[in-house]
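Read the structure below first, then the notes.
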Amino acid sequence: MTAGRRLVVEADGGSRGNPGPAGYGAVVKDALTGEVLAEAAEAIGLATNNVAEYRGLIAGLTAAADLDPDARVEVRMDSKLVVEQMSGRWKIKHPDMRPLAERAREVASGLGSVFYEWIPRARNSHADRLANEAMDAAARGEVWRPHAEEEPAPAATPGWSAPTTAPTGTLLLRHGETALSIDKRFAGVSDVPLTERGLAQARAAARAVGDVEAIVTSPLDRCRATAAEVAAVTGLEIRVEDGFRETDFGAWEGLTFREASESDPDALTAWLADPSVAPPGGESFEAVARRVRTALDKLKVRYRHQRVLVVSHVTPIKLLVADALGAPLSSLYRMHLDTASLSRVDWYDDGPATLRAFNDVHHLDA
């Protein structure tokens, strides 16, 4: 039997009064890319927080089952009660909870596998937002609708008007030099270390970043080592975000552009022409864009209106720049980023973004 896809279900519920007007929210994401595959939310009348949380769980599991009955599902919730009860570690004592837990188990039993994980509330912001949207809609006498069914927002009017809110600032630092970058080889998910020059570049960048309030890094070693140099200067803790890792270049990993062309010229031509095409055994730029955008959304929630250093790679940084400019994915082929270069994008709550610097390497000449 073929194993199902890996999905993440994030679910939440709330009650304004406990008991009081209540609602739930749930979102299903692709575990690899972070792409949002389904959303569910509903106001459920007068209920307690726990009832709403269980209803959110049931809705999330049901949505996952609709997408793929054989899916391997990781459920993430900030309700310790629901997670521990569904994991079988806590007894279900309240009579109102038993039928809800039984229904959740029934839906879960039809999936490939289900694992439960408790997460802090800050990491469950998407499902929490959906629950509150449903309750707000009910208070207005309306029914919540999935975002895909809503009328599109009017396009922003081009012009020179200033953004209307304070930004969340991102300072984008490409990692220092590696042996692969020297020869301009495809360096994706391989954990290659920094060279001595790369470490020196990271230290120079650390002195140039200025007043940042947080450090977020790709999980790959070359970025962690670069981030560590900044942390040594700033005293800040480092947060790892998997969404900012480099593209998986598959069979081209470690090859030069010429070597990749010689090994499979048709595949390389197709990859250069279409961002939806992946290298053999690798990841397309479209897939990377989805997870980078999800990582950015999480960053903007966690560090709203702060200045954040993001230590990442060529592709994710180019994607963030393209997103800020509203440029197509094909623009990635027209950008160049040096090792240990700095770029800066400010993201505004009301929609626009501003590119303030790109591929700045002045600190490397100091």
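Could you give the Stokes-Einstein D for the range 273-365 in µm² per second, using the C-alpha Kirkwood radius, 4 °C, 1.567 mPa s? Walk me through the intermediate numbers first.
Values: Rh = 14.2 Å.
Using the Kirkwood radius from Cα pairs, D works out to 91 µm²/s.
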With a ≥ b ≥ c from the Cα gyration tensor eigenvalues, square-rooted, and the rule rounded for a/c under 1.5, otherwise prolate when a/b > b/c and oblate otherwise, the chain is prolate
Just to confirm the number: angle between the C-alpha axis of helix 97-109 and the first principal axis of the chain, 0 to 90 degrees, nearest 10?
50
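Write down the Kirkwood hydrodynamic radius of the range 6-149, to one decimal in angstroms, obtained as one divided by the mean of 1/r over all alpha carbon pairs.
On the way: mean 1/r = 0.0676 Å⁻¹.
Hydrodynamic radius (Kirkwood, Cα only) of the range 6-149 equals 14.8 Å.
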Computed Kirkwood radius, in angstrom, where 1/r is averaged over Cα pairs of the range 167-365
16.9
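Place a +1 charge on the Cβ of each Lys and Arg in the range 81-139 and a -1 charge on the Cβ of each Asp and Glu, then give the dipole magnitude about the Cα centre in debye, rounded to the nearest 20.
Numbers: 9 positive and 8 negative charges, 55 e Å.
That gives the range 81-139 a dipole magnitude of about 260 debye.
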Once you charge only the Cβ atoms, +1 for Lys and Arg and -1 for Asp and Glu, what is the size of the charge dipole of the chain about its Cα centre, to the nearest 20 debye?
980
Loop-only check: which trypsin sites (Lys or Arg not before Pro) in the range 79-115 are DSSP coil with at most 10 other Cβ within 10 angstrom?
Arg89, Lys91, Lys93
Tilt, helix 196-208 to longest principal axis of the chain (alpha-carbon atoms), in degrees rounded to tens, equals 70
Select from Ala270, Pro219, Gly326 the residue farthest towards the positive end of the dipole of the chain; place +1 on Cβ of Lys and Arg, -1 on Cβ of Asp and Glu, and compute about the Cα centre.
Pro219
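Could you work out the relative contact order of the chain, using alpha carbon pairs under 8 angstrom and six or more residues apart, expressed as a whole percent? If you can, show how the numbers build up before the last one.
On the way: 773 pairs, mean separation 62.2, N = 366.
Normalised by residue count, the contact order of the chain is 17 percent.
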Of Thr354, Gln85, Ala108, farthest towards positive along the dipole that unit charges on Lys, Arg, Asp, Glu beta carbons give the chain
Gln85
Among Ile182, Ala205, Thr195, whose Cα lies farthest out toward the positive end of the dipole of the range 177-227, if unit charges sit on the beta carbon of Lys, Arg (+1) and Asp, Glu (-1)?
Ile182
Roughly how many whole Å is it from the C-alpha centroid of the range 307-352 to that of the range 80-107?
44
When the Karplus curve 6.51 cos²θ - 1.76 cosθ + 1.60 is applied with θ = phi - 60°, which whole-Hz ³J(HN,Hα) does each residue of the range 225-237 get, with x for Gly and Pro?
5, 5, 4, 4, 5, 5, 4, 5, 7, 8, x, 7, 6
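Rounded to a whole number, what is D in µm²/s for the range 183-253 from Stokes-Einstein with the Kirkwood radius over alpha-carbon pairs (10 °C, 1.306 mPa s)?
Working: Rh = 12.9 Å.
So the translational diffusion coefficient is about 123 µm²/s.
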Which of these, Gly14, Gly281, Gly169, has the largest mean-square fluctuation under a Gaussian network model of the chain (Cα springs below 10 Å)?
Gly281
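Each reported figure results from applying straightforward, stated rules to the coordinates on display, with no laboratory input. These numbers were taken from a predicted model, which means no experiment stands behind them. Neighbour counts are summed over all protein chains in view; Cβ atoms, including those assigned to glycine, are modelled from backbone coordinates with ideal geometry.
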